[in-house]
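Okay, so here's the structure we're looking at.
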Amino acid sequence: MYRNGDYDMKLSLRTKLTISYISITLISVFLISIITNLLLDKHFKEYVIKNQDHKNEEIASLVSQQFKPGEGWDIDSIEDICISALGQGMIIKVEDPSGDVIWDARLHDNSLCEQMLHHMEQNMSSRYPNWEGGYVENVYPVVSDKLGKVGTVIIGYYGPYYFSDSDLAFIYTMNRLLVGVGVFSLVLSLFLGWIMSKRLSTPISRAIATARMISKGYFNDRITEKSNTKETAQLTETINNLAEVLEKQEALRKQLTADVAHELRTPLATLQSHMEAMIDGIWKPDTERLKSCHEEIMRINRMIGDLEKLARYESENLILTKSNFDISELIRNIINNFEKDFLNKDVKIKFVGENTGLKADKDKISQVIVNLLSNAIKYTPQGGTVCVTVKDCDDTVEITVEDNGMGISPEDLPHIFERFYRADKSRNRLTGGAGIGLTITKAIVEAHKGKIQVQSKINEGTKFIVLLPKS
């Protein structure tokens, strides 16, 4: 068993669910950020390298177009192109076939070229601390269709690739966006985790509270909170059913205790008064008075025996010793045993049925027939008739015991299988029995996976229908 301290050391379901939401969100955002940066670096590098190659070829082509056969190089146009390229991070140098400089960006503004290369290095070092790039040059020959090679365009840049200020701004913006998404997701996960955990934990907490009340003996509490979660709904339904069953069992236990006390009070009071009278000398302990006391003792013994049988038959561990027998033959033999009782009361007994095989506990089924016939005799007046019928119905056997006696009132009918219940309150206890016979009958039938039904009308009679599976 857990002590209160053990519970205090454990996290609640709401806390665990909230933590799980936050953990999943943080892990997801972290993985997305890592994957995004890796993919971004990979594809951005490829894009920058291809873009640099494309710009190099474009610049080389533009410079080549500035050579006119017979006129030579257009220096002013070359300068405009190369100064524009310098703003894009490219240092251009143009030479003639003999190696003489036609135009050189370093000669034009060397400090600007060095400053630009240093800035590029800083950009790359800020993004990649272990960056090992440097200044590289690509050489593109200038060829004329008539004159052949007329010059060379040398394009220098920071390589193998570099990120400009706008490129880095895009990357940093993307990372800030991912951080913002992470923060927003974290807040959202806290909110959703709190809501979902509350929706899940509230009915469970309610179920715990109800279960605790049940453990203390309070069975009238019910869980009214609804849940859209299948398992939670099943849990609350199970707890409610458990409380309802235990409440009914407790009511039955109290009723049984009251009934037993009520049933025992009369014979014990009778015995006590008789014994006190004999002890005080008021009565002589003659045979008649001792016989009366003996009858009361026997009635108490029969009641206790019936209660023991009922407890045994209602047990889920009831062992049935099944065998194959002819139910019609069994009923005929029982009717023969009751023949004297029927004759003494002037009640006719009829049996209708053919030989029908049944696999069941023969002794317990005999108890069912005996109880129903005993009940029929008690309820059937002099000159009445009791009819027993056996009917073969495919997988079941239907046994009917019908009388034309006084019948049972509609308000009594639902209770006749309850312990100690007597429909006829005017019958004395000696002839009426303890009121357990029909309860035992129902328990035996249900132990065989069968059903027992009753139909009755006042002053017309009563019919008991027993349905038993053949195997």
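Laboratory data are not the source of any read-out in this text; all were calculated from the coordinates shown. Everything numeric here is computed off the predicted structure, so don't read it as measured data. No Cβ is skipped: glycine too gets one built from the backbone with ideal geometry, and neighbour counts run over all protein chains shown.
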task = Over the Cα atoms of region 322-469, compute the convex hull volume and normalise it per residue, giving Å³.
result = 105
note = If every Lys and Arg gets +1 and every Asp and Glu gets -1 at its Cβ, then about the Cα centre region 13-178 yields a dipole, in debye to the nearest 20, of 1380
query = Which residues' amide hydrogens lie under 5 Å from the amide hydrogen of Gly353, considering only partners 5 or more residues apart or on another chain, with H built in the peptide plane?
reply = Val390
query = Relative contact order for region 13-178 using alpha-carbon pairs under 8 Å, separation at least 6, rounded to a whole percent?
reply = 22
Unit charges on C-beta of K, R, D, E only; dipole of the chain, Debye = 3800
query = Looking at region 13-178, what % of the alpha carbon pairs are farther apart than 24 Å?
reply = 50
ask   = Any idea what % of Cα-Cα pairs in region 370-413 are farther than 12 Å?
value = 66
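Determine the calculated [θ] at 222 nm for the chain from helices alone, applying -39500 (n - 2.57) to every DSSP H run no shorter than 4 residues and normalising by the residue count; nearest 500 deg cm²/dmol. Numbers along the way, then the final one.
Values: 11 runs with 272 residues, N = 471.
That calculation yields -20500 deg cm²/dmol at 222 nm.
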ask   = Can you give the charge dipole size of region 219-319 about its Cα centre, rounded to the nearest 20 debye, using +1 on the beta carbon of Lys and Arg and -1 on the beta carbon of Asp and Glu?
value = 120
query = Long-range amide H contacts for Tyr135: which residues qualify at under 5 Å (H placed 1.01 Å from N, peptide plane, sequence gap of 5 or more or a different chain)?
reply = Gly159
ask   = How do the peptides 357-367, 437-447 rank, highest first, by the average count of neighbouring beta carbon atoms within 10 Å per residue?
value = 437-447, 357-367
request  = Note the direction-averaged projected area, equal to a quarter of the hull surface, for the Cα convex hull of region 98-222, in nm².
outcome  = 16.3
key: Kirkwood Rh in Å, taken over the chain so that all alpha-carbon pairs contribute   = 33.6
Per-peptide average of other Cβ atoms within 10 Å, ordering 148-156, 180-188 highest first = 148-156, 180-188
task = Just name one of Gly87, Ser98, Asn51: the one whose Cα is farthest towards the positive end of the charge dipole of region 13-178 (beta-carbon charges, Lys/Arg +1, Asp/Glu -1).
result = Asn51
query = Using alpha-carbon pairs under 8 Å, 6+ residues apart, how would you state the relative contact order of region 219-319 in percent?
reply = 20
note = In whole angstrom, the spacing between the Cα centers of region 400-415 and region 156-222 equals 67
query = If you count, for each residue, the other Cβ atoms within 10 Å and average over each peptide, how do 251-258, 195-202, 266-273 line up from highest to lowest?
reply = 195-202, 266-273, 251-258
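Summarise the long-distance tail of P(r) for region 219-319 by giving the % of C-alpha pairs beyond 15 Å. Don't jump to the answer; show the numbers that get you there.
Values: 3816 of 5050 pairs.
Here the long-distance tail beyond 15 Å is 76 percent of all Cα pairs in region 219-319.
Go through Lys340/Lys457; Lys216/Lys442; Lys216/Lys309; Lys254/Lys362; Lys348/Lys457 and tell me which ones have a Cα-Cα distance over 22 Å in this structure.
On the way: Lys340/Lys457 28 Å; Lys216/Lys442 32 Å; Lys216/Lys309 31 Å; Lys254/Lys362 33 Å; Lys348/Lys457 20 Å.
Correct reply: Lys340/Lys457; Lys216/Lys442; Lys216/Lys309; Lys254/Lys362.
Given contacts defined as C-alpha pairs under 8 Å and at least six residues apart, what's the relative contact order of the chain, whole-number percent?
Numbers: 561 pairs, mean separation 46.9, N = 471.
Worked out over the chain, it gives 10 percent.
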